[in-house]
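The values are calculated or read from the model by the stated rules, or taken from the named source; none is laboratory data. Not measured: the values here are computed from a predicted model. Here the Cβ positions follow ideal geometry from the backbone for every residue, glycine too, while neighbour counts run over all protein chains shown. Accessible surface is based on the protein model in full, side chains and every heavy atom, while ligands, DNA and RNA are left aside. Shrake-Rupley method; radii C 1.70, N 1.55, O 1.52, S 1.80 Å.
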Number of protein chains: 2
Amino acid sequence: MTTSTAYTDLLHELKELSLLGSTMSVLGWDEQTYMPAGGAAHRADQFSLLARMWHERFTSPRMGDLLAQAETDLAAAPSADGAADMAVNLRETRRDYDRATKLPAKLVEELAHTTSMGQQAWAQARKDNRFGDFQSWLEKILSLKQQEAQCIGAASGEPYDALLDEYEPGLTAAELRTSFADLRETLVQIVGAIRESGRTPRLDILSRHYPAAQQETLARTAAAAFGFNFDDGRLDTSVHPFCSFVGPGDTRMTTRYNESDIGDAFFSVLHETGHGLYDQGLPAEHYGTPLGSYVSLGIHESQSRLWENLVGRSPAFWQWMWPQFKAAFPDALADVTEEEWMFAINSVQPSLIRTESDEITYNLHIILRFELEQALLSGELPVADLPGAWNEAMDKFLGVQPPTDANGCLQDIHWSGGSFGYFPTYTLGNLVSAQLFEAARTAIPDLEAGIARGEFSPLLKWLQKNIHTHGKRYSPAELVQRATGKELSADALQRHLWQKAETYYGVRQ
Amino acid sequence: MTTSTAYTDLLHELKELSLLGSTMSVLGWDEQTYMPAGGAAHRADQFSLLARMWHERFTSPRMGDLLAQAETDLAAAPSADGAADMAVNLRETRRDYDRATKLPAKLVEELAHTTSMGQQAWAQARKDNRFGDFQSWLEKILSLKQQEAQCIGAASGEPYDALLDEYEPGLTAAELRTSFADLRETLVQIVGAIRESGRTPRLDILSRHYPAAQQETLARTAAAAFGFNFDDGRLDTSVHPFCSFVGPGDTRMTTRYNESDIGDAFFSVLHETGHGLYDQGLPAEHYGTPLGSYVSLGIHESQSRLWENLVGRSPAFWQWMWPQFKAAFPDALADVTEEEWMFAINSVQPSLIRTESDEITYNLHIILRFELEQALLSGELPVADLPGAWNEAMDKFLGVQPPTDANGCLQDIHWSGGSFGYFPTYTLGNLVSAQLFEAARTAIPDLEAGIARGEFSPLLKWLQKNIHTHGKRYSPAELVQRATGKELSADALQRHLWQKAETYYGVRQ
């Protein structure tokens, strides 16, 4: 083992910072699930105190000193026992520390304040369908984010990369543009072919009466079968579904039950279960350090999408689940065949709202946002022109035109909260999920036969071994390369989506 | 307003310490309600970090400097605007600060560690009914508490007072001995008279089948009618009922539903509602400072006991509630009259377990503990002799002998956690509740007629005005004196209990 006391002290600091962070996770989870309405103002006070304490402690000179000394110690004994782990933890802590200390405290405060106010302005503007009321806020936020990008800097010189790097370490806008250009063309082609196929599923079967209690039972059955450990986690209800990792032994998912939409809760639980399995698969012995943390938002999303879409919408999965659905909802599903069901849950339909869109068109919603946020950040697209640019792109990509800005460029919270560079991680997750699933299928020859019997542990074990247990040991790109033997690309996702289009709509490339 | 910047800074520090403390309240509430079992170890880590941060910050030299400077500022302008409030906040902060800084860090750590291990040893010893396995832990804990008492000191010279003062500022063991001696004699007399009366209620009616859902509805109805604001609070389930004040707008009660014991959940909710109403009645504008905090455990308990017993077991209350019970439980209560019901919920029966005892014998359980813990702390009673002394006192006070130590001196968690001087606050709460209720009856002439119609707001307003809004402005003794016009004594409780004994058992003083 290494004898660096600076490193030991650094790990201790990181562990305590994680405990402070995970306390905020409990506060956040509670706020979304059980907190009484009257507690909101007090909760905001608790949050801002803890966030400030966390930031002060993480960016303290003591932290910088420990880090520098530990780096010196590592350089002096690069092949000591434990040096490989130490190298990862120092590399990632250095990354985070430099990022955090590059931002002047004044800018951090201004960003926190402006985005907090901006989110309220956005919520009201969306409600009133008045983009003009939000415009000046978005302009202010953009200007602050431009300053942030400048403070942080990027090797490429592209300000966008400085922001993207927060969510997806090492990835660049240039790489995304390459993957997405290809993908975008394919998606537009598939959507066009599907439109011309003239086929449509019986969508009414999804909006019949589905009692919430049975929905919950089925969702829990699926989550447990996937491998989610309910002794170390929970499933509750909240307005928006999410998964929160509190700490080892404590991972909490939420969903919401809509009795006239069977897809909403069920697929959201499969999705959150994917996130939860990643959290439960992180190595607890490294809790609080980079080796015990998820590697990037894109990889996290790849886990949720893999279980939601690659598994959860597959014929094999429904061989196992369909009889359980039929038994749970005898009235709603009385006249529905398994084939009709499969078509309905795999239907493709251009729509206005990202969060309600299907597996194929979802990515077009993302690519649209990715293109627009680059243009906003570079200043090429003035904020005032955003609604027009949005509607034009919607027409071009999806052939639909938002009747209002509330259903258009005001639909998402992200930009109002200062999250630029976040959207592409969703589609990145889809890319990775398809590539991982292809690799898993090769590695586990009878994967689908097992799934059809409700056996998911071979897949989970493969994901644990190839993704979860590594924490931040490898960069996202390296992790994908090692797991799949290939560089990350949109190929597997395109194959998967064409396959789907052929199965349900009879269209071919 | 005062111009002391030290005072302004001190209030800011206190507010932030309260936010840190209230974050621990959320963690504690969550642990008892929704935390998955696997999260226990991580939760303990979160707790110990936050507790240490709180303690370091509160006992810091900066805190001492601000306090001293603010005291100097107050002395220089004792009649400035706001000086009265300032005087209260400084008096109470000085009290807490001195208490906290008198304890060496090593003793604090040793106490935390030993009581944490001691509680586990106690739980196991109780389970195994082996007092011997707990004896050495209790000896260690007692020795540490004796050191604590010595560090803190007491004007009286009695070590017990140094510990009691933490829960009940200003009260002494000598005062308690006087009140309790009187009370004890009365209680033994009443219990004897009741035994000889030969009357017994139909107790079987309380253990029939009472569905949990209806129990919850009725408990919520009563809590809301008493005035508990559910927009600013919650009611959940946990193993042991409790009420936790998170902060302004966020007060959380819990209970547990036993379908074959109608009293358990219902009266515990009335009890916790009393605590909750006090918390909701604290002045939010003073949150985080002594003026916004409850004054003592005894006064807190007086609020829970007042609503649980003085209101909740009264004929007036049941004039309003009985028809609702009859409607909710048509089967269980089909053959039960209101008179039989009233007798059953007011029955008196010596028993082994404090938490299951009735309104009268409960106080004998407390007085027994009060006497024994004084003897333990002074060294007069060796720990090894505790079981014998316990059983002897049970026989003398209640005429029952515990068949096992698990049902005897091992039944309560308090001592294993180092809580000496805590028990008497329960009976103190009973004393105060009766004295307050007598005063409220004088102040509100048609109080009982209103209660019989389900109107509780005159009583709540009286309590808010006389108790809740004052925070720590007055000492507990002064508060009771101001609210009732009398010094605190056991007289009102004795009148109340004799009255009860006469009503249901036909016995007289």
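Only residues that are of a type outside the set (A, V, I, L, M), open to solvent by less than 10 Å² (accessible area, probe 1.4 Å) and closer than 22 Å to A:LEU377 by Cα were counted in the stretch A:410-433, giving 8. Might you let me know whether the stretch A:59-78 holds any residue that is out of contact with any strand residue (DSSP E or B) (no Cβ under 6 Å at 6 or more places or on another chain), open to solvent by 40 Å² or more (accessible area, probe 1.4 Å), within 14 Å of chain B (Cβ to nearest Cβ) and not aromatic (Phe, Trp, Tyr)? Checked against the condition, which is being out of contact with any strand residue (DSSP E or B) (no Cβ under 6 Å at 6 or more places or on another chain), open to solvent by 40 Å² or more (accessible area, probe 1.4 Å), within 14 Å of chain B (Cβ to nearest Cβ) and not aromatic (Phe, Trp, Tyr), the stretch A:59-78 yields no hits at all.
For B:LEU368, the test of being open to solvent by less than 10 Å² (accessible area, probe 1.4 Å) and either part of a loop (DSSP other than H, G, I, E, B) or among the aliphatic types (A, V, I, L, M) (or both) is passed. Of the residues A:LEU297, A:LEU277, A:LEU282, the single one that is open to solvent by less than 10 Å² (accessible area, probe 1.4 Å) and either within 14 Å of chain B (Cβ to nearest Cβ) or in contact with a helix residue (DSSP H, G or I) (Cβ under 8 Å, 6 or more places away or on another chain) (or both) is A:LEU277.
Residue count for the stretch B:241-257 under the criterion of being more than 23 Å from B:ARG313 (Cα to Cα) and either open to solvent by 10 Å² or more (accessible area, probe 1.4 Å) or over 18 Å from the mean Cα position of the chain (by Cα) (or both): the result is 6. In this entry, A:GLU216 passes the filter for residues that are in contact (Cβ under 8 Å) with a residue 12 or more places away in the chain, out of contact with any Leu (no Cβ under 7 Å at 6 or more places or on another chain), surrounded by fewer than 20 Cβ atoms within 10 Å (Cβ to Cβ) and charged (D, E, K, R).
Give B:ASP98, B:ASP133, B:ASP81 a once-over and let me know the one that is open to solvent by 50 Å² or more (accessible area, probe 1.4 Å), within 24 Å of B:GLY288 (Cβ to Cβ) and free of Cβ contacts under 8 Å to residues at least 24 places away in the same chain. Only one candidate passes the filter, namely B:ASP98.
For the stretch A:28-37, the tally of residues that are assigned to a helix (DSSP H, G or I) and either buried (at least 19 other Cβ atoms within 10 Å of the Cβ) or touching a Phe, Trp or Tyr at 6+ places or on another chain (Cβ under 6 Å) (or both) stands at 2.
Just so you know, in the stretch A:16-27 the residues that are at the interface with chain B (Cβ under 8 Å from one of its Cβ atoms) and of a type outside the set (A, V, I, L, M, F, W, C) include one that is surrounded by the fewest Cβ atoms within 10 Å (Cβ to Cβ), and it is A:GLU16. Residues that are small (Gly, Ala, Ser) and either more than 7 Å from every other protein chain (Cβ to nearest Cβ) or assigned to a helix (DSSP H, G or I) (or both) were ranked within the stretch B:227-240; the one that is least open to solvent (accessible area, probe 1.4 Å) is B:SER238. Hey, any hits in the stretch A:371-387 for a residue that's touching a Cys at 6+ places or on another chain (Cβ under 8 Å) and touching a residue at least 40 places away in the same chain (Cβ under 8 Å)? Scanning the stretch A:371-387 turns up at least one residue that is touching a Cys at 6+ places or on another chain (Cβ under 8 Å) and touching a residue at least 40 places away in the same chain (Cβ under 8 Å). Scanning the stretch B:450-482 for residues that are open to solvent by less than 50 Å² (accessible area, probe 1.4 Å) and assigned to a helix (DSSP H, G or I) yields a count of 13. Within the stretch A:320-343, the residues that satisfy the criterion of being in a helix (DSSP H, G or I), in contact (Cβ under 8 Å) with a residue 24 or more places away in the chain and among the aliphatic types (A, V, I, L, M) are A:MET321, A:ALA328, A:MET342. The residues on offer are B:LEU90, B:LEU187, and the sole one that is under 30 Å from B:GLN411 (Cα atoms) and buried (at least 16 other Cβ atoms within 10 Å of the Cβ) is B:LEU187.
Does A:ILE345 fit the bill of being more than 15 Å from the chain's Cα centre (by Cα) and surrounded by 24 or more Cβ atoms within 10 Å (Cβ to Cβ)? No: the conditions fail for A:ILE345. For the stretch B:200-213, residues that are assigned to a helix (DSSP H, G or I) and either open to solvent by 20 Å² or more (accessible area, probe 1.4 Å) or over 21 Å from B:GLU338 (Cα atoms) (or both) total 6.
Of all the residues in the stretch A:268-319, those that are under 15 Å from the mean Cα position of the chain (by Cα) and part of a helix (DSSP H, G or I) number 25.
In the stretch A:241-268, the residue that is nearest to the other protein chains (Cβ to nearest Cβ) out of those that are charged (D, E, K, R) and in contact with a Gly (Cβ under 8 Å, 6 or more places away or on another chain) is A:ASP250. Within the stretch B:185-199, does at least one residue satisfy the condition of being away from chain A (no Cβ under 14 Å) and either outside any helix (DSSP H, G or I) or within 29 Å of B:LYS461 (Cα to Cα) (or both)? Yes, the conditions are met somewhere in the stretch B:185-199. Only one entry in B:THR3, B:THR8 is in a helix (DSSP H, G or I), surrounded by fewer than 18 Cβ atoms within 10 Å (Cβ to Cβ) and away from chain A (no Cβ under 12 Å), namely B:THR8. Take B:LEU49 and tell me if it is more than 7 Å from every other protein chain (Cβ to nearest Cβ) and on the phi < 0 side of the Ramachandran plot. Answer is no for this residue.
Looking at the structure I just gave you, is B:LEU381 closer than 19 Å to B:ALA181 by Cβ and touching a Ser or Thr at 6+ places or on another chain (Cβ under 7 Å)? When the stated conditions are applied, B:LEU381 does not pass them. For the stretch B:382-405, residues that are in a loop (DSSP other than H, G, I, E, B) and open to solvent by less than 20 Å² (accessible area, probe 1.4 Å) total 1.
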